[in-house]
1. Report every pair of residues separated by at least 6 positions or lying on different chains whose Cβ atoms are under 8 Å apart, first residue within the range 275-302 and closer than 14 Å to residue 336 by Cα and open to solvent by less than 70 Å² (accessible area, probe 1.4 Å), second part of a loop (DSSP other than H, G, I, E, B) and modelled with pLDDT of 75 or more.
2. Return a yes/no flag: does the range 32-42 have any residue that is aromatic (Phe, Trp, Tyr), in contact (Cβ under 8 Å) with a residue 24 or more places away in the chain, under 25 Å from residue 432 (Cβ atoms) and not in a helix (DSSP H, G or I).
3. For residues in the range 589-641 being open to solvent by less than 30 Å² (accessible area, probe 1.4 Å) and at pLDDT below 70, which is farthest from residue 521 (Cα to Cα)?
4. Would you tally the residues in the range 547-560 being within 14 Å of residue 516 (Cα to Cα) and out of contact with any Leu (no Cβ under 9 Å at 6 or more places or on another chain)?
5. Considering the range 305-314 alone, what residues qualify as being of a type in the set (A, V, I, L, M, F, W, C) and open to solvent by 60 Å² or more (accessible area, probe 1.4 Å)?
6. For the range 324-373, enumerate the residues that are modelled with pLDDT under 85, in a helix (DSSP H, G or I) and loosely packed, with under 15 Cβ neighbours inside 10 Å.
7. Identify, from the list 201, 209, 192, 175, the residue that is more than 23 Å from residue 405 (Cα to Cα) and buried (at least 19 other Cβ atoms within 10 Å of the Cβ).
8. Quick test of your reading of the structure: residue 218 fulfils all but one of (1) more than 34 Å from the chain's Cα centre (by Cα); (2) at pLDDT 80 or above; (3) acidic (Asp, Glu). Name the failing condition by number.
Amino acid sequence: MQDYLKAGSHRGGVIRYLLAFGALFVLTSVLAIRLYSQYLQMSRGQWATLHHDRHAHLLQSMVFALDLGSLDLIHFIRDLHRARTYPPLFSLLTAPILLIGGFDYHLAALVSLAGWVGTIILVFLLTRQLAPSHRNAVALLAGLFALGSPAHRTYATDIMLESLGTCLSLLVLYLYISRRDAAGPSRSFALLGCSLTALFLLKYNYWALTMLALLLWEAISRYREHIGRLQHHWSQKDLQALLSRELRHPVGLGLAGIIGVAVLLLLTGGWEFFWAGQRIKVKASLNLAYIFFVLLCMRAAVICWRNRFTLRSLVGNRGMQLIRYHLLPVTAWLLWPEKLKHLLQFLSPTNAYMTQRAGYWGWETLLFYPRAVATEYHDGLWTALAVFSLTLFAFACASRFTPHARLIFLSLGMSAILTTIHPNHQSRYLHTWIPLLWVAGTIGLASILHPFAGARLIGVTASSGILAALIAASAMRPVTFAFTGRGFTDARPEVATALDLSDYYLPRIRAAQHVSIFATVPIYNFASWSYLQRYPDRRGGLTVGLKKFGESAASNRIAFDEWLKETRSEAIVFIDIPPGSFFYYSHWPGEEQHQQYRELVQSQSLFCEQERLAFPQYGSTVSILVRGEQVTSELRCARET
């Protein structure tokens, strides 16, 4: 009889879980369709600025699609080499979609939409696994917070890395928690290693936050186990002999020498001397870090191979899986020239505008993230305060929860601290770890409800109420889209868009197989992807700006004159964006020098102005110039006003 009751209770639990999960999945799918349909109608406003990361992500996706379509391995390797600041995973996932569906920027947002759906599901699964009671109810509540987050809905249809980064970050934590103490085949860390590698190849800072949390938790939670293994191998003289041998090895001495030189250069500020009449400067640079990393990897590979059996006994089977599926791919990527340098630059405090670093300790800057949490990631102040209060309760009662729940608390706290102390403040840097706030808050609520009588009735009632609230929220809430600035603004059909500029000049240069585009601000990414979207078969026929432009006025003149002698361009598109106009942006190298394009284009005589259109609402002008005797009928388009 007791076995029958247990079996019935188990079946009832499974049914309740399937109902809760199925309802959330259906609701998320319906809302995803609604989000994307509204995005199709209002997406032009997404391009209200010429200087945004989404331009680079879309362009990278298009060039990978071209490489994939033509099976051009050489171009593919070159494009992988150019993926420095941002790794290529998002673009590699988007490229097949563009290749199959056509070069339409709307299709690129589907990857973010899939990441958003995955985020909702993982928030539910993670909360349900960690909650001490009322698991389905609090998991649905966590889903409510995720579904109702304005910023998460915003980035769900943006060509950015945040939605996919959040999904992968939660996937890593979920796989670690579900497999760390599992038995049998489910103990495997192979999928965890692949997920960590995918997160690394998506965006470095999101990977760093997750990886640091896991490493710190492993060091804390398994301190005695790790120390015991080290003491065992140390007592057998294995590690002592290895360290003694490596410190005397030429590579070990070389590594120590690089560290010494780097310290001296940092302390002295570098050296300067003359050689053969030339001034030579020696200063600390990330090239030293790359040389150190290459030598270290080469020597580590030899050591690990010679001691592979000792290594396996030291790290175990799951440690070897992480080495195989994560450490080796990451190491191979960082050994690629320039990759390590850009990773360190991206993560360092120098990755910020001077204005951000100078005003870091101002109240406005310190309140930036708390304000973003309340206004961008929650419905309002009261919702944010409720979540924050429940999370504080969970932190205060951390000893009541399982070790896996404490991992979530550790990851949340560490991510908040590291994000805040970095001088580059952008609200989207909250994106990947804000869901941990909802997970922590809802399991804190579960611990409050746990001691009360009638727990099952409370759970059923709460589940029904939460599901109704989810449906109402999805039906009533307006949708917002990310456009400008460090946060986001509401979408309006009449919003300004840079596509107004490209929609004017692209049809007028369709007869020109080779085109050059110049502007008084850097527009390489925008000009390139908008051109490839309309003319994907003319990849080699576009020039945007001149290389090394902006060093000095004299060198700019020389570079432009040389370009005039060698160019095959049949037309020039010149976009004049003066300081203070709508599309103008500041705080970038060569800001003043870029305005010289106006003088250079006007003073040359090889190309004649065919037509010009002013955009008074933007304070900008677009001019189309063609070679004097090569004006075709297609280039003689009537001027539109």
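The values are calculated or read from the model by the stated rules, or taken from the named source; none is laboratory data. All values reported here derive from a predicted model rather than from experimental measurement. Using ideal geometry, Cβ is built from the backbone for each residue, glycine included, and neighbour counts are taken over all protein chains shown. We work out accessible area using only protein heavy atoms, side chains counted, and drop any ligands, DNA or RNA first. Shrake-Rupley method; radii C 1.70, N 1.55, O 1.52, S 1.80 Å.
1. The qualifying pairs are 290/337.
2. Pass one, the range 32-42, residues aromatic (Phe, Trp, Tyr): 36, 39.
So of that shortlist, the ones also in contact (Cβ under 8 Å) with a residue 24 or more places away in the chain come out as 36, 39.
Applying the additional criterion that residues be under 25 Å from residue 432 (Cβ atoms) yields 36, 39.
Then drop every residue that is not not in a helix (DSSP H, G or I), which leaves none.
Checked against the condition, which is being aromatic (Phe, Trp, Tyr), in contact (Cβ under 8 Å) with a residue 24 or more places away in the chain, under 25 Å from residue 432 (Cβ atoms) and not in a helix (DSSP H, G or I), the range 32-42 yields no hits at all.
3. Only one residue tops the list, namely 635.
4. Total satisfying the criteria: 1.
5. To start, the set of residues in the range 305-314 that are of a type in the set (A, V, I, L, M, F, W, C) comprises 305, 309, 311, 314.
Correct list: 305, 309.
6. Those that are modelled with pLDDT under 85, in a helix (DSSP H, G or I) and loosely packed, with under 15 Cβ neighbours inside 10 Å: 354, 355, 357, 358, 363, 364, 366.
7. Working: 209 fails: more than 23 Å from residue 405 (Cα to Cα); 192 fails: more than 23 Å from residue 405 (Cα to Cα); 175 fails: more than 23 Å from residue 405 (Cα to Cα).
Within the list 201, 209, 192, 175, the selection yields 201.
8. Status for residue 218: all satisfied but (1).
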